[in-house]
Structures are given as structure tokens and as C-alpha cells.
Amino acid sequence: MRIATWNINGVRARIETAVNWLKDANPDIVCLQETKIEDAAFPTEAFGDLGYNVAVHGQKGFNGVALLSKLPFDEVARGIPGGEDQARLIEGVFSVSGRALRVASVYAPNGNPIASDKFDYKLAWMEKLAQRMLVALAAEETFVFAGDFNVIPTDLDARFPKHWVGDALFTPQAKAAFRRLQYLGLTDAFRACHGEGGHFTYWDYQAGSWQKDDGIRIDFALLSPQAADLLLNAEIDKRPRAWAKPSDHVPVVVELDLEAVSQKQPPQLALTGQLF
DNA sequence: ATGGTAGGGGGCCTA
């Protein structure tokens, strides 16, 4: 089965682009970030028409995460344990090939500018995420936490590392927060499959970044050991960045050695469950 | 050279 993550920068503005990509790529589960829409206004039908069950955790104007799945949701959990006032995490649990698979859509705080409380919020949120993942690791779950982590982990993950000096995404503290997740025992799926640099998931709208390939890799799928054992492949799909009205991010698709069987369920079932 | 662009919401903020 294939699991995708994509920061679409506004689901309302991107619905046509998203539908076009989904029709072509046909992933089994999709983690969306920056949906920028309240739950009641989410375009559930547009994705339902493609065979996806939908679970959302949004807010007005900013942030917002969602899960699309061809498999029915067994559970949905919204928000990060420890309390949050920003919609940045949603988790779903699915039954696949006789095992439970947890998939989370993650939208970590940007944290700019560094000399502001936003940077402190970013680091505090990353620590809460680590604590959340520790609980799932202790339960030996098969899980994928995928999304926009808003960290450039190493020089390999930027076309021009020097451009990002002083940016919250490239600070020693942000890199340490990301390493902390990796050192819990998580696998960066794309990096596990591609050791070399030059692969990016984000190009700024400004200053011709896409044309210059002035990109960074900040969208990841982090796998628990049980999920990493199933990893077959991971790819970045750059094509949608060149389409009309693109997101500034592109999808990352991970393939796991699991057999997925599509099954649509009534959407209200996907909206139940508030574990945190 | 401290700009540049985009989305959302509602008269600027976030990225």
C-alpha cells in the first residue's frame, strides 16, 4: 500500500489540483497539511467521490490537517496530547493485512522569526510530538507520522544551505528536535531509500525558487521500526509544483509491503473519536 | 537589494 503526505497550502484553493493528483497517483492513504479551513466547510465530497474516507482537524484561516483513506477508519484522534490551540495533528488507525496501522498527518510550527515566541512554540511543540511518538513506540505500533516538519535536517536537504542560515527551519535547535525524533528509533523513509542530496519537497513562491531549484526537504514520513520493516520505496513527486496554481510543497509517497483493500464507509463514522 | 508571492479573511497575518 502507498501512503502520501502533501502540504497543499489551502484545500479550497487547491481542490482541483489535489483531485487531479489523486486521480493520477491513487494513494491508499493521504496526509494533508495547511488545509486552512474549518471542519464544516471541508470539501469532503470532492474526495469522497474518489473513494476516500475523510477525517479532518481544521481551524479558520491557518494550519489544519486531514486524512484521506480508502480504508475505513477504526479510530481517529485529533490534536497533540498535552493540549494545543492549533490544528496541527490528526491520527487514524486502520486494519491492514491483519494488523493495526496508525497514520498521522503532522504540521509542525514554522517558528519564524527566531527572536519571537513562535520559535519557542515550535520547539515546545516538537517536544510534545516526541512524547506522543514515545507512547506509540512503547506500544510497538506499526505507524507512519508524515507531514511538514518545518525542519531542514542537514545540508543535504537544501540546494543552497547558506540561504537558510538564521531561519528557524535550519537552526541547531530545530535540527536537534528532528534528530531527537530519529534517535527515538524512527526511520526517515525517503532518506532510507535515497542517500544522496538534491531532493526537495518545498520551493518558495518568491524569487523564482522553483526555476532555480532553490528548494529544501522539509516534508517527511517517519516510520516506527515495525513500519520500517515493511518499507519498499519512497519517492518525491515533483510534478505538481510545475502545474497551474501549485502548492509550494509537493507530495511524498511511501510504499509499504501491506495489502490494502479499499472500503468506503459513511463519512460520519470517520468523524467520531476524540482520544485526546 | 531586506524585496520577492500566495492564501485566507476581512481591513494584516502567516508562511
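Let's see how each residue does on (1) β-branched (Val, Ile, Thr); (2) touching a residue at least 60 places away in the same chain (Cβ under 8 Å):
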position	(1), (2)
A:Asp204	no, no
A:Leu223	no, yes
A:Ala228	no, no
A:Val252	yes, yes
A:Gln265	no, yes
Item to check | Matching residues in the range A:88-98 - criterion: being under 21 Å from A:Val253 (Cβ atoms) and at pLDDT 95 or above | outcome: A:Leu89, A:Ile90, A:Glu91, A:Gly92, A:Val93, A:Phe94, A:Val96
Checklist outcome for this item: The residue from A:Ala25, A:Ala4 that alone is away from DNA strand B (no atom under 16 Å from the Cβ), touching a residue at least 40 places away in the same chain (Cβ under 8 Å) and either touching a helix residue (DSSP H, G or I) at 6+ places or on another chain (Cβ under 8 Å) or under 21 Å from A:Phe149 (Cα atoms) (or both) is A:Ala4
Item to check | Some residue of the range A:115-133 being in a loop (DSSP other than H, G, I, E, B) and touching a Phe, Trp or Tyr at 6+ places or on another chain (Cβ under 8 Å) | outcome: no
Checklist outcome for this item: Those residues of the range A:48-87 which are touching a helix residue (DSSP H, G or I) at 6+ places or on another chain (Cβ under 7 Å) and either at pLDDT below 95 or within 19 Å of A:Ala130 (Cβ to Cβ) (or both) amount to A:Ile80, A:Pro81, A:Gly82
Checklist outcome for this item: Residues of the range A:28-59 being polar (S, T, N, Q) and within 16 Å of DNA strand B (Cβ to nearest atom), in sequence order, are A:Gln33, A:Thr35, A:Thr44, A:Gln59
Item to check | Among (1) in contact (Cβ under 8 Å) with a residue 60 or more places away in the chain; (2) part of a loop (DSSP other than H, G, I, E, B); (3) out of contact with any His (no Cβ under 9 Å at 6 or more places or on another chain); (4) within 16 Å of DNA strand B (Cβ to nearest atom), the one test that A:Ala13 misses | outcome: (2)
Checklist entry - Within the range A:225-233, can one find any residue that is within 16 Å of DNA strand B (Cβ to nearest atom) and within 30 Å of A:Val76 (Cα to Cα)? => result no
Next on the checklist: Can you tell me how many residues within the range A:98-111 are farther than 18 Å from A:Asp85 by Cα and either more than 14 Å from the chain's Cα centre (by Cα) or within 16 Å of DNA strand B (Cβ to nearest atom) (or both)?
Outcome noted: 4
Next on the checklist: For the range A:87-104, give me each residue that is touching a Lys or Arg at 6+ places or on another chain (Cβ under 9 Å) and either part of a loop (DSSP other than H, G, I, E, B) or hydroxyl-bearing (Ser, Thr, Tyr) (or both).
Outcome noted: A:Ala87
Item to check | Single unsatisfied condition, A:Glu84 versus (1) of a type outside the set (Val, Ile, Thr); (2) surrounded by fewer than 19 Cβ atoms within 10 Å (Cβ to Cβ); (3) in contact with a Pro (Cβ under 7 Å, 6 or more places away or on another chain); (4) in a loop (DSSP other than H, G, I, E, B) | outcome: (3)
Next on the checklist: Taking the criterion of being out of contact with any Gly (no Cβ under 7 Å at 6 or more places or on another chain), of a type in the set (Phe, Trp, Tyr), within 16 Å of DNA strand B (Cβ to nearest atom) and not in a loop (DSSP other than H, G, I, E, B), would at least one residue in the range A:139-161 satisfy it?
Outcome noted: no
Checklist entry - What are the residues in the range A:185-216 that are within 11 Å of DNA strand B (Cβ to nearest atom) and among the hydroxyl-bearing types (Ser, Thr, Tyr), if any? => result A:Tyr202, A:Tyr205, A:Ser209
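The values are calculated or read from the model by the stated rules, or taken from the named source; none is laboratory data. Because the structure is a prediction, the values reported are computed rather than measured. Quick reminder, even Gly has a Cβ in these numbers, built from the backbone with ideal geometry, and neighbours come from all protein chains shown.
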